[in-house]
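Peer 1: Encoded as structure tokens, here's the structure I'll be asking about.
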Amino acid sequence: MEFDRPDGAAEALRAGAFLLRMPDDLDPAPGLDLCRRFYLPPVPGDRYRGHREHGHPASKLGYEDRPDQVEQLQIEAHLWQRYFPEEVTSLLERMEEITGTALHALLSAAGVPAGDADEALGGHHGGLCYTTVNHYRGDLDRRVGIVEHTDSGYITLFHADQPGFEVLDNGRWTPIELPERHFVVNLGDAFDVLTRHLPHPGTAVLHRVAAAGPGQPDRSSFTIYMGPSYGMVLRQYTSDGELVDYQSFRDFSVAKAARMGYQFHDRI
Ligand SMILES: O=C(O)CCC(=O)C(=O)O
Ligand SMILES: [Fe+2]
């Protein structure tokens, strides 16, 4: 991963969000197709549709109709093959690789010593990777597309087909222009906690999606989320560069959900 400005990495860590150009041979269409069809009634043999009523028994996440304009489908990486069409799984796996590369580059830019990253990310306990498939319903009279929040993990990468994404930058809500063939990369809470006392801390960016007005087309986005697993303890570097335990990720997530006024996943 390369930044097109000399201060690119520093600025990405400070803001907690940046744009990443897609590789030329990556086709986001299967992901957008899934966003536009997962909520439609099931048709036998069509794995794009029917996810509202599916139940996804193997997943701890699954379908959720949220109080804002968005309805979401969240599926862990090890279940993509089971629940999604093949071309969607291939695309998501490719995006997972890109997300991992970006995460390691940013950890290094933040000052995590080379060779330390795997231990900092939880070592053999492994992490959690899932996709979120978002359908923003323009015809729903709700205040926002998705309410302001920080992502909980280390990093999230997403692609959206329309504007609406906004970040809080220097105290101001700033709409982000989404050029063709780009991903947005966001830093989340676990990255923020881990790097808070390092020379170049990364910020968990507060972001939201504006409501689409009546008569506007529905908006689609799909993400790759990478974070600690809920059984893990969040880690943090002290200012002396020592890696110590911070708080159980589950406790952290429950407290955050209460603070931000939403319900924590009831299957976790
Ligand atoms: O759809 C977007 O632009 C952002 C989605 C998002 O913030 C999320 O799924 O966590
Ligand atoms: Fe988000």
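Peer 1: Search segment 78-92 for residues that are on the phi < 0 side of the Ramachandran plot and without any contact (Cβ under 8 Å) to a residue 12 or more places away in the chain and pair each with any residue that is surrounded by fewer than 17 Cβ atoms within 10 Å (Cβ to Cβ) and not in a helix (DSSP H, G or I) when their beta-carbon atoms are under 9 Å apart and the residues are at least 6 apart or on different chains.
Peer 2: That search, which allows pairs on different chains as well, returns 78/58.
Peer 1: Report whether or not residue 15 is in contact with a Gly (Cβ under 8 Å, 6 or more places away or on another chain), surrounded by 13 or more Cβ atoms within 10 Å (Cβ to Cβ) and either under 24 Å from residue 167 (Cβ atoms) or touching a residue at least 40 places away in the same chain (Cβ under 8 Å) (or both).
Peer 2: no
Peer 1: Taking segment 219-258 only, how many residues are in a strand (DSSP E or B), among the basic types (Lys, Arg) and within 16 Å of ligand 2 (Cβ to nearest atom)?
Peer 2: Count: 1.
Peer 1: Any idea which residue in segment 97-123 is modelled with the highest pLDDT, counting only those that are more than 19 Å from residue 17 (Cβ to Cβ) and either within 17 Å of the chain's Cα centre (by Cα) or assigned to a helix (DSSP H, G or I) (or both)?
Peer 2: Ranking the qualifying residues of segment 97-123, first place goes to 97.
Peer 1: If residue 129 satisfies every condition in (1) within 16 Å of ligand 2 (Cβ to nearest atom); (2) assigned to a helix (DSSP H, G or I) but one, which is the exception?
Peer 2: (2)
Peer 1: Within segment 37-52, is there a residue that is loosely packed, with under 14 Cβ neighbours inside 10 Å and either charged (D, E, K, R) or touching a residue at least 60 places away in the same chain (Cβ under 8 Å) (or both)?
Peer 2: Yes, the conditions are met somewhere in segment 37-52.
Peer 1: State which residue is nearest to residue 28 (Cα to Cα) when the search covers only segment 136-161 and only residues that are within 10 Å of ligand 1 (Cβ to nearest atom), at pLDDT 95 or above and part of a strand (DSSP E or B).
Peer 2: 159
The values are calculated or read from the model by the stated rules, or taken from the named source; none is laboratory data. Model, not experiment: these values are computed from the prediction. Glycine gets a Cβ as well: all are built from the backbone with ideal geometry, and neighbour counts include every protein chain shown.
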